[in-house]
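Colleague: One structure coming up, written as structure tokens, with questions to follow.
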Amino acid sequence: MKPWSIPNNLIDKPFISPHELKVILNVSLPTIYRLIYSRKIPAFKIRNSLRFMREDVIAFLESNRIDQIK
């Protein structure tokens, strides 16, 4: 299985939009909003836009990792 990684064009960005996160996680936009509203991933509201800190996304991915079953 291929390990997850943040696309190269997002590595230097301090904040990630819901649309960019959808690409990183390979899920639908409604799934991103469910994660936000269920408080499973922290987000910031800046005016009318939601944003995620890159470090929070990495922490979310690491905390939801399932180790390989042997």
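Colleague: Working only within the range 46-70, note down all residues that are open to solvent by 60 Å² or more (accessible area, probe 1.4 Å) and either in a loop (DSSP other than H, G, I, E, B) or over 12 Å from residue 15 (Cβ atoms) (or both).
Modeller: Scanning the range 46-70 gives 47, 48, 62, 63, 64, 65, 66, 67, 68, 69, 70.
Colleague: Shifting gears a bit: Just one of the numbered conditions (1) in a helix (DSSP H, G or I); (2) farther than 16 Å from residue 64 by Cα; (3) of a type outside the set (Phe, Trp, Tyr) is not true of residue 35; which one?
Modeller: With (1) in a helix (DSSP H, G or I); (2) farther than 16 Å from residue 64 by Cα; (3) of a type outside the set (Phe, Trp, Tyr) applied to residue 35, the lone miss is (2).
Colleague: Looking at the range 16-32, which of the residues that are of a type outside the set (Val, Ile, Thr) and outside any loop (DSSP other than H, G, I, E, B) is nearest to the chain's Cα centre (by Cα)?
Modeller: The residue in question is 21.
Colleague: When only residues in the range 14-45 that are β-branched (Val, Ile, Thr) and without any contact (Cβ under 8 Å) to a residue 40 or more places away in the chain count, which is most open to solvent (accessible area, probe 1.4 Å)?
Modeller: So, considering only residues that are β-branched (Val, Ile, Thr) and without any contact (Cβ under 8 Å) to a residue 40 or more places away in the chain, the one most open to solvent (accessible area, probe 1.4 Å) is 23.
Colleague: Of the conditions (1) modelled with pLDDT of 85 or more; (2) in contact with a helix residue (DSSP H, G or I) (Cβ under 8 Å, 6 or more places away or on another chain), residue 59 clears all except one; give me its number.
Modeller: Answer for residue 59: the failing condition is (2).
The values are calculated or read from the model by the stated rules, or taken from the named source; none is laboratory data. None of these values were measured; they are calculated from a predicted model. Because the Cβ atoms are built from the backbone with ideal geometry, glycine has one as well, and the counts that use them run over all protein chains shown. Just so you know, the surface numbers come from the protein's heavy atoms only, side chains and all, with ligands and any DNA or RNA stripped out. Shrake-Rupley method; radii C 1.70, N 1.55, O 1.52, S 1.80 Å.
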